[in-house]
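What follows is a set of notes on a single structure, which appears directly below.
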Ligand SMILES: [Zn+2]
C-alpha cells in the first residue's frame, strides 16, 4: 500500500471518529494498565548494564570461574584443562618476553574484489567485523623475543570471519616469511581457522601455493618454521602451511582436520572412532610432533629456538 493511500485512510478513520471510539474503550479497561507515554524513556547515562564476562563457564566440564582467574591461568580451565579459544593479542602477550613486541604489516586490509554477496555483501561484513573487533584481518604478525631469542609470530584470530584464509592472510604469511629470511629469525604460525574465505573464492585458494612458495624460500634459507595448530584448524590451512612446519605442534584437545567430522561421517556412512580429529588422535597417527599445554608453550618454544639456534 502506498504511503499516500495509507495516510488518506487514516485521515478518513479519524473523520469517522474511529480513533475516538478506541480511546473510549481504553478508558474502560481501567487506568491501572494504561501506558501513559510510549517508548523507552530512560536515558543512556541512566541505564544500568550487567557487567559482561565476569564469570566464565567451561564448555567441557561446566566449571565456573572468574574471568580474572581464567586470564591468570592463560585461559585454560583449572578443573579439566580445557583450552579456551584466545586471540592473537593474548598469544603475543603469553609468548613474548614481558609482553613486549612489535606489530608488523598492520596496514593491509581485505577488499571485495568480486562484489560477493551471501547473506549480506562482503564489504558490509568486513565493515561490521572491523567495527566489532579491534582486528585488521584474520591474521596478525608480530616480532619479539621469546626467552631472549627472537621470533616472528603470525597468529590467526577466529573472531575475524572465522579466522578464514583470505588474500590478506596469505600476503601477511608471505611478508612474515620474507621478514624472517631478511633478519634470519625463526617463524611460528599459530593456526585457528575454519578454512578458506568463501567470499574471496579463487583468490583464497591462490593463497595456498603463494604461501608455500614463501615457506620454501624460508626452508632454503635454513630458517626454522614452527606450526602450532589450535582449536579449530581446518580446510585451507591444514591443506597447506599448518601441516608443513619443521616442528608441528597442537594444543591439547584441538580439533584439527580438513573436512569436519559430520561431513566425513555422512560421506563414508560409518561412525568415526573416538577422539577423531583431536590433537591426541593426530599425534598417535603421526600428523603432529608435539602436544603442548598452553602453560608450557613459552618454555617449549624457547627450548626449540635454542636447539635450532645451536
Ligand atoms: Zn573445564
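Rounded to the nearest 0.05, the FRET efficiency derived from the C-beta distance between residue 182 and residue 68 at R0 = 35 Å is 0.30. When each of 43, 233 is scored by the number of other beta-carbon atoms lying within 10 Å, the sequence from fewest to most is 43, 233. Global size of segment 60-136: 17.5, 47 Å for Rg and Dmax (C-alpha atoms, Rg to one decimal, Dmax whole). A simple spin-label model places the labels of residue 37 and residue 300 6.1 nm from each other, with each point 7 Å out along Cα-to-Cβ. Only Cα sites of segment 86-309 enter the Debye sum here, all with the same form factor; the resulting log10 I(q)/I(0) across q = 0.12, 0.14, 0.15, 0.16 1/Å is -0.63, -0.85, -0.98, -1.10, listed in q order.
With a cut-off of 8 Å between alpha carbons and a minimum separation of six or more residues, what is the relative contact order of segment 160-263 in percent? Relative CO of segment 160-263 lands at 29 percent.
Size descriptors for segment 150-219 (Cα atoms only): Rg and Dmax, in that order, 12.1, 36 Å. Label-to-label distance for residue 263 and residue 201 is 1.9 nm, based on points extended 7 Å past Cα in the beta-carbon direction. Evaluated at q = 0.12 Å⁻¹, a Debye calculation over the C-alpha positions of segment 204-310 (equal weights, vacuum) places log10 I(q)/I(0) at -0.47.
Give me the angle, in degrees from 0 to 90, between the Cα long axis of helix 3-16 and the longest principal axis of the Cα atoms of the chain, rounded to the nearest 10. Around 30 degrees separate the two axes. For the chain, relative contact order (Cα pairs under 8 Å, six or more residues apart, normalised by length) works out to 12 percent. Cα axis of helix 297-309 to longest principal axis of the chain: angle in degrees, 0 to 90, nearest 10? Between the helix axis and the principal axis of the chain, the angle is about 30 degrees. Where only DSSP H runs of four or more residues are counted, the chain gives -11000 deg cm²/dmol as its mean residue ellipticity at 222 nm, each run worth -39500 (n - 2.57). Taking the longest Cα principal axis of the chain as reference, the axis of helix 207-220 is set at about 30 degrees.
Laboratory data are not the source of any read-out in this text; all were calculated from the coordinates shown. Worth saying up front: this structure is predicted, and the values here are computed from it rather than measured. Positions of Cβ are generated from backbone atoms using ideal geometry, with glycine treated the same way; all protein chains shown enter the neighbour counts.
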